[in-house]
Amino acid sequence: ILPVIEAELDALPATEIKAESCTDHINAYTLAQFIELSTLRAHGVATGFPDDLPIVKQPDLNQLSLAYAVGWIRYEQGDFDGALAAYGKGLVMFPHSVELQNEYAATLIQLNRPEDVVTFVDKVLGDTYDLDDVARAKMFAARGVALNLEGQTADAIDALTVAQRYNSTDDVQATLDQLQNGGGSQ
């Protein structure tokens with residue numbers, strides 16, 4: 001199945017899926033688009049769409065699932081570069097996808113690119129306003145792992161502590177305990 005779905009993903013343009021106007025409504029294809037357009041409209045800010053048309057949140061598009069599936073299969077096969085490419089294309093199309101963000105960060109860790117993980121996570125934490133506590137914890141945990149790989153133990157402990165405050169997990173606690181007891185880069 002991978003060649004078939006990968007060909008479908010490759011055929012898609014690497015551009016963000018944007019909201020669009022139909023005759024009697026505005027299609028918002030992601031929750032982020034719906035929230036952004038609704039917030040702008042509520043504050044009297046021009047959206048670029050007619051003010052008299054209702055904004056309709058459409059079901060999630062399958063292109064997001066397609067990018068996730070290709071990336072996941074590539075990741076499971078150990079093709080981390082291929083996984084990163086699929087997740088990256090998905091993030092171009094759907095930049096606020098928490099699922100793709102998590103997998104992209106995990107793949108960067110597998111590729112031993114801690115500096116890129118920190119940069120990516122910081123961007124996600126700064127730009128994504130709809131992360132729930134579990135997703136936010138995963139981002140801080142990834143940041144902590146990356147900082148540890150860079151030998152920045154104190155900063156890693158700080159990030160992992162924040163992750164635990166958002167969503168406590170045994171894995172993060174074990175890593176945190178190990179670092180606090182003097183077990184550095186792992």
Q: Please report, in cubic angstrom per residue, the volume enclosed by the convex hull of the alpha-carbon atoms of the chain.
A: 132 Å³
(Q) Using the Cα centre of the chain as origin and beta-carbon charges of +1 (Lys, Arg) and -1 (Asp, Glu), tell me which of Q101, V4, T169 is placed farthest towards the positive end of the dipole. (A) T169
Q) Quick one: helix 31-42 against the long Cα principal axis of the chain, what's the angle to the nearest 10°, folded into 0 to 90? A) 60 degrees
(Q) Using the Cα centre of the stretch 133-176 as the reference point, and only Cβ charges (+1 on K/R, -1 on D/E), how large is the resulting charge dipole? Debye, rounded to the nearest 20. (A) 140 debye
(Q) Explain nothing, just the number: relative contact order of the stretch 1-146, from Cα pairs under 8 Å at least 6 residues apart, as a whole percent. (A) 20 percent
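Given Cβ point charges of +1 (Lys, Arg) and -1 (Asp, Glu) and nothing else, what value in debye, to the nearest 20, does the dipole of the stretch 1-158 about its Cα centre take? Show your work: numbers first, answer last.
On the way: 10 positive and 25 negative charges, 12 e Å.
Approximately 60 debye in magnitude.
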**Q.** Chain lengthening between L2 and S21 when straightened (0.36 nm per residue, less Cα-Cα)
**A.** 3.4 nm
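When the solvent-accessible surface of protein heavy atoms is calculated with a 1.4 angstrom probe, in what order do Y129, Y29 fall, highest first?
From most exposed to least exposed: Y129, Y29.
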**Q.** Among N102, N27, N62: highest mean-square fluctuation, GNM of the chain, C-alpha pairs under 10 Å
**A.** N62
Q. Which residues' amide hydrogens lie under 5 Å from the amide hydrogen of I26, considering only partners 5 or more residues apart or on another chain, with H built in the peptide plane?
A. I55, V56
Q: May I ask you to evaluate 6.51 cos²θ - 1.76 cosθ + 1.60, the Karplus curve with θ = phi - 60°, for each residue of the stretch 160-169 and list the ³J(HN,Hα) values in order in whole Hz, giving x for glycine and proline?
A: 5, 5, 5, 4, 5, 5, 6, 7, 6, 10
Q | Rounded tilt (10° steps) of 62-76 against the dominant C-alpha axis of the chain | A | 20 degrees
**Q.** Solvent exposure of the stretch 118-185 as accessible area per residue, Å², 1.4 Å probe
**A.** 51 Å²
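Compute, for the stretch 88-147, the length of the dipole vector about the Cα centre, with Cβ point charges of +1 (Lys, Arg) and -1 (Asp, Glu) only. Units Debye, rounded to 20.
Working: 6 positive and 9 negative charges, 33 e Å.
Charge dipole, the stretch 88-147, about its Cα centre: 160 debye, nearest 20.
Which value at 222 nm does the chain reach when only helices count, each DSSP H run of 4 or more adding -39,500 (n - 2.57), with the total divided by all residues and rounded to the nearest 500 deg cm²/dmol? Walk me through the numbers on the way to the answer.
Details: 9 runs with 120 residues, N = 186.
That calculation yields -20500 deg cm²/dmol at 222 nm.
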Q) By the scheme Lys and Arg +1, Asp and Glu -1, what is the net charge of all other residues having a beta-carbon under 13 Å from that of Q152? A) -3
Q. Sorting H43, H96 by accessible area (1.4 Å probe), largest first, what list results?
A. H43, H96
Q: Please work out the C-alpha center-to-center distance from the stretch 94-146 to the stretch 62-77 and express it in whole Å.
A: 17 Å
Q) Under 15 Å from the 7 Å Cα→Cβ point of A14, by amide nitrogen: which residues of the stretch 86-106? A) 86-95
Q: Find how much the distance from D52 to D177 grows on full extension, using 0.36 nm per residue of separation minus their present alpha carbon separation; answer in nm with one decimal.
A: 39.4 nm
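The values are calculated or read from the model by the stated rules, or taken from the named source; none is laboratory data. All values derive from a computational prediction rather than experimental measurement. Cβ coordinates were reconstructed from backbone atoms using ideal geometry, including for glycine residues, and neighbour counts include every protein chain displayed. Remember, those area values only see protein heavy atoms, side chains included, never the ligands or the DNA or RNA. Shrake-Rupley method; radii C 1.70, N 1.55, O 1.52, S 1.80 Å.
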